[in-house]
Amino acid sequence: MLELSLRKHLHTAEGNVTLNLEFEVETGQFLTLFGRSGVGKTTCLRCIAGLTEPDHGRIVVGGEVWFDRNRRINVPPQKRGVGFVFQDYALFPNLSVRENLHIALADPKDEHYVDELLNLMGIKELERRLPATLSGGQQQRVALARALARRPRLLLLDEPLSALDGETRLRLQNEILGIHRHLHMTTLMVSHDLGEVYRLSNQVIVIEGGQAVVRGRPAEVFSNRRISGKFQFTGEVLAIDRNDVVFTLSILIGNRVVQVIATAQEMQDIQVGDTVMLVSKAFNPIVMKVDRNPGRTSRPSS
Amino acid sequence: MAYDWQPLILTLKLATVTTAILILIGVPLGYWLAFGRFRLKAVVETLVAMPLVLPPSVLGFYLLLAFSPKNAFGRFLDDTLGLRLVFSFEGLVVASVLFSMPFMVHPVQSGFQNLPRSLMEAAYTLGLSKWQTLIRILLPNIKPSLLAGVVISFAHTIGEFGVVLMMGGSIPGVTKVASIAIYDEVESLNYSAANFYAFILFAVSFSILLAVFFFNKRALRPL
């Protein structure tokens, strides 16, 4: 469906990087470009959308050439038929939610498609509101609905959920997943959130230093890279208490204080303020569901 | 004692026509300077900003020379278009447009530049042409800057003196605007008439700016 090969010189905060990518995406696939920020993931999406011109390469979608350096083809973004969801949503501040969607319609008489999208995203009751009056999650839904309003052939999501808090993010992940199943739209997402990649995509390309280093299903790609049978945390030592022969360490991990026992041998060169790593075999951990509506049942204490 | 209202009416007419023309010129020029990438951009920006620092008499002097029917350009305008720009109202309009240009172009340009780039890009990916994007997305979102440009250009044209004097002289009903009438009246020691014009100009300028600050506190921020 999408064949891409592109080369582009980038000036990033970490110096010059040459983005050099070559991949194909099949119809209906949900592919994520994964990697640290500043490796060219967003640039790749922008090249596909026609917002940035690659130095070299070729982009073909559904047999239609959108960009070909050698043949001097560069289809303008208006004619490419992509739905692009920007990191900052880029909703038009002067237009209501409904107008934001309506302006994107290929056929202005297609009102009921606007209604369908508003209902699909659960934002029908917000249709007369201006973007500035919406919460982050609501804006995100509008941005997604608007990107779909043009009936694009390709949906491009640039870190779509990075500005949202954990819970909203999870809910929207489900909605994106639902929409993808509903519309079977070929989707490319850029993300550096492992959980997001895992939940949403059926293919992932890991990009490092402008190059694709590995591609596959998320479970395959990450199984020997980041996921192990061990729990592993790093934290800061807050306090050291001595009880007879052992020490009690208070360690700050994330925003939580954990107390562990350490032997004198382990404590030899550890002081308050040091950064330490806690490793434990996750042989038979207790797994408990955490209720997302606090108040109904108490959370298991750690 | 009856005062002559003609210079005041002429001033308002000049300011209105000038501002209208400046909207038509300033918006495309501001857009071009904000988004365009071309080699001589710095030169164009400098030329637009020149009236800010140039003595009005310098601009007036060169315009007078350029538009004089004794010189090639002025003769060309006279012969082909029948347009004589020296000592005429049309000439005042041309001079005022040039002289007030930065006051329209700068707010509009910075308004465009301060919009998130993604608004324009989102519009393009949604299939809107450049023209549709300008009319439906960009301009409505820089309304405060546009308003600032319009108000300041209008007020600045009311306050013009040097350029108008050089280009138009003081022909009653044609080029004798209020600011020149004040000068004339003072020259002939007619202080009460001078005060009449001066006070009205003061009051008009004050009211316009007050209304803008009152209704739209954000409007003048781009300056």
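The values are calculated or read from the model by the stated rules, or taken from the named source; none is laboratory data. Bear in mind that the values here come from a model prediction, so they are computed numbers and not experimental data. Please note: Cβ atoms are built from the backbone with ideal geometry, for glycine as well, and neighbour counts cover all protein chains shown.
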Segments classed as helices (runs of 4 or more DSSP H), wholly inside segment A:85-186, with at least 3 members that are farther than 21 Å from B:A123 by Cα and aliphatic (A, V, I, L, M):
A:166-183
Before we move on, is A:L144 among the aliphatic types (A, V, I, L, M), within 14 Å of chain B (Cβ to nearest Cβ), crowded, with 22+ Cβ neighbours inside 10 Å and more than 27 Å from B:I142 (Cβ to Cβ)?
no
Checking the structure you have, find out if any residue of segment B:167-185 is β-branched (V, I, T), surrounded by 18 or more Cβ atoms within 10 Å (Cβ to Cβ) and in a loop (DSSP other than H, G, I, E, B).
yes
Filtering segment B:98-125 down to residues that are within 14 Å of chain A (Cβ to nearest Cβ) and of a type in the set (A, V, I, L, M), which residue is nearest to the chain's Cα centre (by Cα)?
B:L115
In segment A:54-69, anything assigned to a loop (DSSP other than H, G, I, E, B), within 13 Å of A:K8 (Cα to Cα) and either among the basic types (K, R) or free of Cβ contacts under 8 Å to residues at least 40 places away in the same chain (or both) is listed as A:R69
Restricting attention to segment A:93-106, report how many residues are within 8 Å of chain B (Cβ to nearest Cβ) and more than 11 Å from B:I137 (Cβ to Cβ).
2
Condition broken by B:G60, with the remaining ones in (1) closer than 30 Å to B:A181 by Cα; (2) modelled with pLDDT of 90 or more; (3) small (G, A, S) satisfied
(2)
Name the residues in segment A:21-60 that are more than 21 Å from the chain's Cα centre (by Cα) and more than 14 Å from every other protein chain (Cβ to nearest Cβ), would you?
A:P54, A:D55, A:H56, A:G57, A:R58, A:I59, A:V60
Using the structure shown, decide if A:R80 is touching a Gly at 6+ places or on another chain (Cβ under 7 Å), modelled with pLDDT under 95 and either surrounded by 14 or more Cβ atoms within 10 Å (Cβ to Cβ) or away from every other protein chain (no Cβ under 14 Å) (or both).
yes
Every listed condition ((1) within 14 Å of chain B (Cβ to nearest Cβ); (2) at negative phi) holds for A:A90 save (2)
Options A:L238, A:L249; residue that is buried (at least 22 other Cβ atoms within 10 Å of the Cβ), more than 30 Å from A:G81 (Cβ to Cβ) and not assigned by TED's automatic domain parsing to the domain that holds A:I123
A:L249
Taking B:E90 as the residue in question, decide whether it is of a type in the set (D, E), in a helix (DSSP H, G or I) and more than 9 Å from chain A (Cβ to nearest Cβ).
yes
From the option list B:L83, B:L65, single residue qualifying as part of a helix (DSSP H, G or I), modelled with pLDDT under 90 and surrounded by fewer than 20 Cβ atoms within 10 Å (Cβ to Cβ) is B:L65
Regarding A:T43, is this residue assigned to a strand (DSSP E or B) and hydroxyl-bearing (S, T, Y)?
no
